[in-house]
Amino acid sequence: MVFSGPRSLTPEERQAMLAAIVDSSDDVIISKTLEGIITSWNKSAEKLFEFTALEAVGNHISMIIPESRLSEEELIISRVALGKKIDHFETVRISKSGKEIPISLTVSPIVSESGRVIGASKIGRDISDRLTAEGKQAVLASIVDSSDDMIVSKTLNGIITSWNKAAEKMMGYSEAEVIGEHISIIIPPARLEEENFIISQIKSGRKIDHFETYRQTKDGREIPLSITVSPVLDSKGTIIGASKIARDITEQLKAKEEANRLYEEIAILNDKKDEFIGLASHELKTPLSTISGYLQILNRRLADEQDKNFLSKTLEQTKKLSTLVNDLLDVSVIESGKMVLRKESFNLLTVIDDAIELLNHSTLHTFTIKRDAEEIKVNADRQRIEQVIVNLLSNAMKYSPNPCGIEISITSNQKETTVGIKDCGLGINPDHVDNIFTRFYRAEENNPNISGLGIGLYLSKEIIDKHQGRIWVDTAPGVGSTFWFTIPNHTETFE
Ligand code: ADP
């Protein structure tokens, strides 16, 4: 068998092959005579300009040239006629339906065998997408320029590569002055180290968020800035620089300083108020004790029943007054951090019995005690714990307008002893629950006619906290509340 090797193409085959290449190209490929008559029109041209080859061939090229650009054609033809090529000429052409298409054209002369220019071939590429991207870039650039924040970019070596209007305004350097300069021109000498830190963070791909520092203006002023620095990546994801957004925080710092100053002023006034409460209650306490003492002596000496009755009412009110004065004194003791616990081991049940006895005679409420032992020993400050129990019981009575059974439950395990005081009173609105243990807080709308200073629960919490216990309330408006507190069973080890 004879092997027939490759043979050269016949002119017809060559033509067919070229036609196939032209037709399969994504670019528009058109040829025309020097007079502008279209002689060929590929598939992409059909698609882009919406004229079929049949419609286009034989017609003048001006059918796709906007009127305002007709003179371009003369220019192109005159160059091509001289045998010159036109490379990547960006212009606009128009489609059959009147759509303007941005296009990049390369026009080459078609030369006959005898070397004469007989026409032009035109390769065109639709550049709408590229222009859209450029448009986006222009939008971004205008955002950057209209920002009130300073936006600057730099290389990893610290060379400034962009500098927006706000940067010009803030730092006093124009764009032209700083592009190509090292960023250190705006860094105060004492802070130059910061730049190394920033660059090392950026090199490892980390962003720096709201870093508060100072930068130096052209005229030498140092201004406080909050800066955020992010890595700039190229299309392959390699870190090639950093972009920096900086906000002038002068006003913010001033406001902060003012707030601090006001805070300090308030703290001083607050201390003064506590000091006053302490002094006033101390001064009130002594005459009150004297009054109380004399009233008691008088009580023993009076014979008339009605007088005795008046006197015992006076004594009762004096006792209330003493309790208030003592509570106020306690507030100032706590506020000055001077509350000291005198711990001893005692039977909590006895203290509860004593508290009930103290209150029982002045109320229509009944008390029931639920206990799971005859004796529950705790190691605590007896007087302070009694103060807490009396407080909670008084509140249970005070905030239950209709007399009902107040239940006291005491349970104890290895870890702690828990006391619960349950009433059937007004309950507390959930909005207030978090606040009732704070100083002077009263859920006023709950008790418009019930007097008080809003100190009792605050003192109780301070006392229980000091014992490392917990105090809280379970409550439902209109149903009632149960106040709970715990005393840990081995507090000595924590003290
Ligand atoms: P005071 O009773 O002097 O107002 P407290 O510190 O003892 O102060 O209580 C703070 C607030 O908590 C009270 O004003 C009241 O609104 C609410 N409160 C306390 N105990 C009860 C209770 N058992 N039932 C309903 N509300 C209570």
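The values are calculated or read from the model by the stated rules, or taken from the named source; none is laboratory data. All figures in this text were calculated on a predicted structure; none of them were measured in a lab. Every residue, glycine among them, receives a Cβ derived from its backbone with ideal geometry; neighbour counts consider all protein chains shown. Side chains included, ligands, DNA and RNA excluded: accessible areas come from the protein's heavy atoms. Shrake-Rupley method; radii C 1.70, N 1.55, O 1.52, S 1.80 Å.
Would you mind computing the Rg to Rh ratio of segment 327-445 from its alpha-carbon coordinates, Kirkwood style for Rh?
0.97
Please list the non-local residues whose amide H lies under 5 Å from the amide H of residue 118, H modeled 1.01 Å from N, same-chain partners needing a gap of 5 or more.
Hits under the 5 Å cutoff: 110, 111, 112.
Sort 280-292, 238-250, 133-145 by packing, meaning the average of other beta carbons within 10 Å per residue, with the highest value first.
238-250, 280-292, 133-145
Normalising by the residue count of segment 1-99, find the relative contact order in percent from Cα pairs under 8 Å and 6+ residues apart.
21 percent
For a quick check of understanding: with a 1.4 angstrom probe and all protein chains in place, what accessible area in square angstrom does residue 439 have, to the nearest ten?
About 50 Å², rounded to the nearest 10.
Which order do you get for 451, 112 if you rank them by accessible area with a 1.4 Å probe, largest at the top?
Ranked list, largest accessible area first: 451, 112.
Might you report the magnitude of the Cβ-based charge dipole of segment 358-495 about its Cα centre, with Lys and Arg at +1 and Asp and Glu at -1, to the nearest 20 debye?
In debye, rounded to 20, segment 358-495 gives about 160.
To the nearest µm²/s, what D does Stokes-Einstein give for segment 285-359 at 25 °C and 0.890 mPa s, using the Kirkwood radius over alpha carbon pairs as Rh?
163 µm²/s
Where does the charge balance sit around residue 38 when Lys and Arg score +1, Asp and Glu -1, over other residues with C-beta under 15 Å from its C-beta?
Charge balance near residue 38 sits at 0.
Modelling each spin label as a point 7 Å along the Cα-to-Cβ direction, I'd like the residue 137/residue 444 distance in nm, to one decimal.
Between residue 137 and residue 444, the simple spin-label model gives 6.5 nm.
On a 1.4 Å probe surface of the protein chains, which of 404, 424 comes out largest in accessible area, and what is the full order?
Most to least solvent-accessible, the answer reads 424, 404.
Relative contact order for the chain: what percent, with Cα pairs under 8 Å and sequence separation of 6 or more?
Averaging sequence separation for qualifying contacts and normalising by length gives 7 percent for the chain.
Mean Kyte-Doolittle hydropathy of -0.5 or higher plus an axial Cα length of 24 Å or more: which whole DSSP H helices in the chain meet both?
128-146, 305-335
Under 14 Å from the Cβ of residue 169, count the other residues' Cβ atoms, weight Lys and Arg +1, Asp and Glu -1, and hand me the total.
Surrounding charge for residue 169 is -3.
Please report the accessible area of residue 70 (heavy atoms, 1.4 Å probe, ligands and nucleic acids excluded) in Å², nearest 10.
70 Å²
I'd like the FRET efficiency for residue 15 and residue 88, computed as 1/(1 + (r/R0)^6) with the beta carbon distance as r and R0 of 25 Å, rounded to 0.05.
Result of the calculation: an efficiency of 0.35.
Would you mind putting 54-64, 87-97 in packing order, based on average other-beta-carbon counts within 10 Å, highest first?
Order by mean packing, descending: 54-64, 87-97.
Which value in nm describes the separation of the simple spin-label points at residue 280 and residue 377, placed 7 Å from the Cα toward the beta carbon?
For residue 280 paired with residue 377, the spin-label model returns 4.5 nm.
Tell me the label-point distance for the pair residue 490, residue 344, using the 7 Å Cα-to-Cβ offset, in nm and rounded to one decimal.
Going from the residue 490 label point to the residue 344 one covers 2.5 nm.
Of all accessible surface on the chain at a 1.4 Å probe, what whole percent is carbon and sulfur?
Roughly 55 percent, rounded to a whole number.
Restricting to Cα pairs below 8 Å that are 6+ residues apart, what does the relative contact order work out to for segment 288-424? Please round to a whole percent.
That works out to 20 percent.
Let me check I've understood the local charge: for residue 479, count other residues with C-beta under 13 angstrom from its C-beta, Lys and Arg +1, Asp and Glu -1. What total comes out?
-1
If the limit is 18 Å between Cα atoms, which of 343/377; 338/461; 165/218; 32/99; 319/343; 218/254 go over it?
32/99; 319/343; 218/254
Before I look further, what does segment 50-167 give for accessible area per residue, probe 1.4 Å, in whole square angstrom?
Ligands and nucleic acids excluded, the figure is 57 Å² per residue.
Going by accessible area, probe 1.4 Å, with all protein chains left in place, what is the ranking of 276, 483, largest first?
276, 483
May I ask you to list the aspartates and glutamates whose Cα is less than 19 Å away from that of residue 207, ignoring any residue fewer than eight positions away on the same chain?
Correct list for residue 207: 149, 193, 194, 195, 234.
Can you give the helix-only mean residue ellipticity at 222 nm for the chain, where every DSSP H stretch with n ≥ 4 adds -39500 (n - 2.57) and the sum goes over all residues, rounded to the nearest 500 deg cm²/dmol?
For the chain, the value works out to -13500 deg cm²/dmol.
Could you check how many percent of all C-alpha pairs in the chain are farther apart than 30 Å?
Of the Cα pairs, 72 percent sit more than 30 Å apart.
For segment 420-495, would you read off the P(r) tail past 21 Å as a percentage of all alpha carbon pairs?
Within segment 420-495, distances greater than 21 Å cover 30 percent of Cα pairs.
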